[in-house]
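**Student:** Once you've had a glance at the structure underneath, I'll fire off some questions.
The values are calculated or read from the model by the stated rules, or taken from the named source; none is laboratory data. These figures come from a predicted structure and were not determined experimentally. Cβ sites come from the backbone with ideal geometry, for glycine too, and all protein chains shown count toward neighbours.
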């Protein structure tokens, strides 16, 4: 049964696939769709086969989604806290207008 | 008289050098009135220091002449124009053409075919016919006029002709040939 | 070698005996013992170079005429510019027929008797020793390459960009002095970027033509190049700028993204 | 002479490789067979299968790495299956799996490397990473029989003039900024013409109807060239033409009618860019002293470029070699071919840690063990 583990010094998370129902199995990932520029999508993933490999594909798609979501959330949180920190710094130190960007 | 055949072209050249010329004014008047008898290139030797300089201009003039691209009225005026480095025809004809009060003169005749020669130079010029010789030309060249005509960098006006060494003359020639060949480019 | 092109050249150069010495990509180079306008004595051994840019059938006639004229004139102008820089050896201009893509100039260099009488371009001069590492890396070669580098430095100090620095376009004279030829792609520029690219072109030409010894050869060339700039403060600042750009161009070249 | 068969397995009479290519917007799978001994007119590589699917973008858009990678991910299994069926082989007959290591776009490259690694584990086969440009060159040489050509490699991402010397394909000249295919694609985007079948093809068709040559910058520097200035220039002309900027006398007559058409612009762009390419190629030929030219890469299919090159080469009494779209457009067979050459020399696959891809991978980094 495939599973995925994310670990960093501050955080460890494991994702399982054992709880997935047959009806939840799909090759259409939530995070692996086309970009907004694609008007006609010719590149849909194929339907899963009714065997071990088809099952594996769907579960990997699920794990990929979970990981993508986790990583995206983490990145956003990081950005937010950095923004907050900067805002706080600005508030305390005053804006010296010395912006490098 | 120096006779020169420029290999690429069917025409040939006859070149004379005169000193102690007495009738410059008369020649100039007849030339300006466009008399057929004066269909020559009358060149002011004060601004000529080498045969190569002269022939370099002749080559350019004949090249343009034979491709139908001359900018003056005749091959002879074109030669004088081609001696200069400026695109201003009047200016070049004044500086390189015959001087009213000049007592030296270089005369060039373009011969289309050998059998066409039908003039006597002594009927045209009154003076001493001498061999055209680089040493003689260098001895008499006028650096002030040269500088005005070619606008050399660094200026020639500060140099004395007597101090010129062989390498100086050859550098001056190279610069002059460059200017003649590249006029208008 | 295309006879058709030689005939075309001959039609523009009537009565001039032509001997082909090279057919480059852009031009055919001839030698002749006949001067275009000076009377030549029969036993004279002086030779002259005629560089002819034939029309290129592959390109649009309008583009072709523009390029041919423009490049012929640009090359003649460069020769003129170099006449006025005495430290740089270069062939003198003799005559110009820009409409037909013809330049007459002095011949520099000599025949390498120990290398099939080939012309003494830096390429041939070095290739003589390509299979003999000891000979390929002597003091003599070091000195010559430093001279070459020094002269390129002098050209750059004077804002002359050669534009096609390969070992075929540098002549080693009999006195073992360096002499630049073929200014077909040359131009004037004060930009450190252009000088950096010029050096990069040379670097790559050495690497591709003399791969065995390229590293050492380029090192000697660069040592000479730095010398060519002189020692005064202002020149050194300029040199530093060019070397910085050269390094940048090299990195750009090596690591350039293969995607546009 | 290099010995190519030091690692021929006992009982085997040939080598077979499958190649996966996906460095840009094309996904290709190919299967090739080599027989022992050096290649010759009687011993040719055998193409058992060579199929491709292209990711097509909407008009006016370039291809996004993300959508391109998705295209590759979602098609790669179907293409591999079809390729195996076409070849008529059993999996057990395959010796190695070859993939494009680079150069190219990161995301599409990665998706194909993962497919290759997965296959290698499923089938228990060695993996070989291949330089995309070397793939083009070796396949071109094999298909055309060109023995030691100057190679003009022109595609969406590459513009290089290459010649072989001392076991490397050395780059004699290249673009100093954007690639030729990229330049054409971007102009196609400016013109808002369709991306199907390819932007460059559509420019070529328009150029065929153009006849008036408009002077553009011409930027050859030594053996290198620069195209961004030309693109900016012609983009401006197109902008002025579309927006009726009648003060621009290059494209409008005094009475305000246009002097030039979009077709003329395409024509002039091609004439200028290709003249630069042919010129540099000729310089490389003269420099190396070879009579052969091989054109590879997607832009190599352009008929005008081929004709201009041919004119130049024939004037030099030389020979021109070009392949058709099966081989000059990105494909899997070339990866299989070059990878198999590498495999025959080493007898083993890459260490697993080396089976990665890299966006930047210069042609002259690869040691060409299979040539003298």
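**Student:** What's the number of the condition residue C:78 fails, among (1) within 14 Å of chain D (Cβ to nearest Cβ); (2) surrounded by 21 or more Cβ atoms within 10 Å (Cβ to Cβ); (3) in contact (Cβ under 8 Å) with a residue 40 or more places away in the chain?
**Tutor:** (1)
**Student:** Condition first: surrounded by fewer than 21 Cβ atoms within 10 Å (Cβ to Cβ) and assigned to a strand (DSSP E or B). Can you find one or more residues in segment C:112-135 that meet it?
**Tutor:** Checking segment C:112-135: at least one residue is surrounded by fewer than 21 Cβ atoms within 10 Å (Cβ to Cβ) and assigned to a strand (DSSP E or B).
Okay, residues lined up against (1) assigned to a loop (DSSP other than H, G, I, E, B); (2) over 24 Å from residue B:129 (Cα atoms); (3) modelled with pLDDT under 95:
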{"residue": "B:17", "(1), (2), (3)": "no, no, no"}
{"residue": "B:31", "(1), (2), (3)": "no, no, yes"}
{"residue": "B:62", "(1), (2), (3)": "no, yes, no"}
{"residue": "B:69", "(1), (2), (3)": "yes, yes, yes"}
{"residue": "B:101", "(1), (2), (3)": "yes, no, yes"}
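**Student:** Further, regarding this structure: Suppose we filter D:203, D:162 for residues that are surrounded by 20 or more Cβ atoms within 10 Å (Cβ to Cβ) and more than 20 Å from residue D:61 (Cβ to Cβ); which single one remains?
**Tutor:** It is D:162.
**Student:** Further question on the same structure: Which condition breaks for residue B:167 when tested against (1) in a loop (DSSP other than H, G, I, E, B); (2) at pLDDT below 95; (3) within 14 Å of chain C (Cβ to nearest Cβ); (4) out of contact with any strand residue (DSSP E or B) (no Cβ under 6 Å at 6 or more places or on another chain)?
**Tutor:** Every condition holds for residue B:167 apart from (1).
**Student:** Applying the selection to segment C:89-104, what residues are surrounded by 22 or more Cβ atoms within 10 Å (Cβ to Cβ), more than 10 Å from chain B (Cβ to nearest Cβ) and on the phi < 0 side of the Ramachandran plot?
**Tutor:** C:90, C:91
**Student:** Another one. Counting only residues that are in a helix (DSSP H, G or I) and over 15 Å from the mean Cα position of the chain (by Cα), how many does segment D:110-141 have?
**Tutor:** Residues that pass the stated criteria total 14.
**Student:** Does residue C:242 count as within 14 Å of chain D (Cβ to nearest Cβ) and either part of a helix (DSSP H, G or I) or out of contact with any strand residue (DSSP E or B) (no Cβ under 8 Å at 6 or more places or on another chain) (or both)?
**Tutor:** Answer is no for this residue.
**Student:** Does residue A:10 count as farther than 23 Å from residue D:74 by Cβ and more than 14 Å from chain D (Cβ to nearest Cβ)?
**Tutor:** So residue A:10 fits the description; yes.
**Student:** Just to check your reading of the model, which residue among C:155, C:175 is modelled with pLDDT of 95 or more and more than 8 Å from the chain's Cα centre (by Cα)?
**Tutor:** C:155
**Student:** Would you check if residue C:43 is on the phi > 0 side of the Ramachandran plot and more than 14 Å from the chain's Cα centre (by Cα)?
**Tutor:** Taking the combined requirement at face value, the residue does not satisfy it.
**Student:** Continuing with this model, one more query. Being outside any helix (DSSP H, G or I) and within 13 Å of residue C:166 (Cβ to Cβ) is the filter here, so list the residues in segment C:198-239 that pass it.
**Tutor:** Answer for segment C:198-239, where residues must be outside any helix (DSSP H, G or I) and within 13 Å of residue C:166 (Cβ to Cβ): just C:210.
**Student:** While we're looking at this one, here's another question. Could you give me the residue pairs with C-beta distances under 8 Å whose first residue belongs to segment A:72-101 and is on the phi < 0 side of the Ramachandran plot and assigned to a loop (DSSP other than H, G, I, E, B), whose second residue is loosely packed, with under 10 Cβ neighbours inside 10 Å and at pLDDT 90 or above wherever it lies, and which are 6+ apart or on separate chains?
**Tutor:** That search, which allows pairs on different chains as well, returns nothing.
**Student:** Of the residues in segment D:71-93, how many are outside any helix (DSSP H, G or I) and either free of Cβ contacts under 8 Å to residues at least 24 places away in the same chain or crowded, with 21+ Cβ neighbours inside 10 Å (or both)?
**Tutor:** Selection size over segment D:71-93: 1.
**Student:** While we're on this one: For residue D:134, all conditions in the list (1) over 19 Å from residue D:326 (Cα atoms); (2) outside the structural domain of residue D:299 (by TED's automatic domain parsing) hold save one; what is the number of the exception?
**Tutor:** Of (1) over 19 Å from residue D:326 (Cα atoms); (2) outside the structural domain of residue D:299 (by TED's automatic domain parsing), only one is false for residue D:134: (1).
**Student:** Further question: Need the failing condition index for residue C:85 against (1) in contact (Cβ under 8 Å) with a residue 24 or more places away in the chain; (2) more than 14 Å from chain D (Cβ to nearest Cβ); (3) touching a strand residue (DSSP E or B) at 6+ places or on another chain (Cβ under 7 Å), just the number.
**Tutor:** (3)
**Student:** Which of the residues spanning segment D:290-305 are within 11 Å of chain C (Cβ to nearest Cβ) and either surrounded by fewer than 22 Cβ atoms within 10 Å (Cβ to Cβ) or more than 16 Å from residue D:155 (Cβ to Cβ) (or both)?
**Tutor:** D:304
**Student:** Still on this structure, I have one more. Does segment C:177-187 contain any residue that is assigned to a helix (DSSP H, G or I), surrounded by 20 or more Cβ atoms within 10 Å (Cβ to Cβ), at negative phi and more than 10 Å from every other protein chain (Cβ to nearest Cβ)?
**Tutor:** Taking every residue of segment C:177-187 in turn, none turns out to be assigned to a helix (DSSP H, G or I), surrounded by 20 or more Cβ atoms within 10 Å (Cβ to Cβ), at negative phi and more than 10 Å from every other protein chain (Cβ to nearest Cβ).
**Student:** Please determine whether any residue of segment A:60-71 is within 14 Å of another protein chain (Cβ to nearest Cβ), surrounded by 15 or more Cβ atoms within 10 Å (Cβ to Cβ) and not in a helix (DSSP H, G or I).
**Tutor:** Looking for residues that are within 14 Å of another protein chain (Cβ to nearest Cβ), surrounded by 15 or more Cβ atoms within 10 Å (Cβ to Cβ) and not in a helix (DSSP H, G or I), one finds none in segment A:60-71, hence no.
**Student:** Looking at (1) part of a helix (DSSP H, G or I); (2) under 21 Å from the mean Cα position of the chain (by Cα); (3) away from every other protein chain (no Cβ under 14 Å), can you tell me which one residue D:321 breaks?
**Tutor:** Result: residue D:321 fails condition (1) only.
**Student:** Output the residues belonging to segment D:235-270 that are within 17 Å of residue D:199 (Cα to Cα) and either surrounded by fewer than 22 Cβ atoms within 10 Å (Cβ to Cβ) or not assigned by TED's automatic domain parsing to the domain that holds residue D:185 (or both).
**Tutor:** If the condition is that a residue be within 17 Å of residue D:199 (Cα to Cα) and either surrounded by fewer than 22 Cβ atoms within 10 Å (Cβ to Cβ) or not assigned by TED's automatic domain parsing to the domain that holds residue D:185 (or both), then D:235, D:238, D:262, D:263 are the ones that fit.
**Student:** Name the residues in segment C:36-64 that are within 14 Å of chain B (Cβ to nearest Cβ) and either touching a helix residue (DSSP H, G or I) at 6+ places or on another chain (Cβ under 9 Å) or in a helix (DSSP H, G or I) (or both), would you?
**Tutor:** C:36, C:37, C:38, C:39, C:50, C:51, C:52 - these are the residues of segment C:36-64 that are within 14 Å of chain B (Cβ to nearest Cβ) and either touching a helix residue (DSSP H, G or I) at 6+ places or on another chain (Cβ under 9 Å) or in a helix (DSSP H, G or I) (or both).
**Student:** Could you tell me whether any residue of segment D:271-289 is at pLDDT 95 or above, within 14 Å of chain C (Cβ to nearest Cβ), in contact with a helix residue (DSSP H, G or I) (Cβ under 9 Å, 6 or more places away or on another chain) and more than 26 Å from residue C:252 (Cα to Cα)?
**Tutor:** Yes; the residues of segment D:271-289 include at least one that is at pLDDT 95 or above, within 14 Å of chain C (Cβ to nearest Cβ), in contact with a helix residue (DSSP H, G or I) (Cβ under 9 Å, 6 or more places away or on another chain) and more than 26 Å from residue C:252 (Cα to Cα).
Okay, residues lined up against (1) in the same structural domain as residue C:122 (by TED's automatic domain parsing); (2) modelled with pLDDT of 95 or more; (3) surrounded by fewer than 18 Cβ atoms within 10 Å (Cβ to Cβ):
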| site | (1), (2), (3) |
| --- | --- |
| C:211 | yes, no, yes |
| C:222 | yes, yes, no |
| C:225 | yes, yes, no |
| C:232 | yes, no, yes |
| C:239 | yes, yes, no |
| C:242 | yes, yes, no |
| C:247 | yes, no, yes |
| C:250 | yes, no, yes |
| C:260 | no, no, no |
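**Student:** Follow-up question, since we're still on this one. What pairs come up if the first residue lies in segment C:154-169 and is within 14 Å of chain D (Cβ to nearest Cβ), the second is modelled with pLDDT of 90 or more and part of a loop (DSSP other than H, G, I, E, B), and their beta carbons are under 6 Å apart, counting only those six or more places apart or on different chains?
**Tutor:** Matching pairs, first to second residue: C:161/C:189; C:169/C:181.
**Student:** Another question, then. Can you tell me which residue in segment B:114-132 is surrounded by the most Cβ atoms within 10 Å (Cβ to Cβ), limited to those that are in a loop (DSSP other than H, G, I, E, B) and without any contact (Cβ under 8 Å) to a residue 40 or more places away in the chain?
**Tutor:** B:120
**Student:** Might you let me know whether segment A:38-57 holds any residue that is more than 14 Å from chain D (Cβ to nearest Cβ) and surrounded by 10 or more Cβ atoms within 10 Å (Cβ to Cβ)?
**Tutor:** Yes, the conditions are met somewhere in segment A:38-57.
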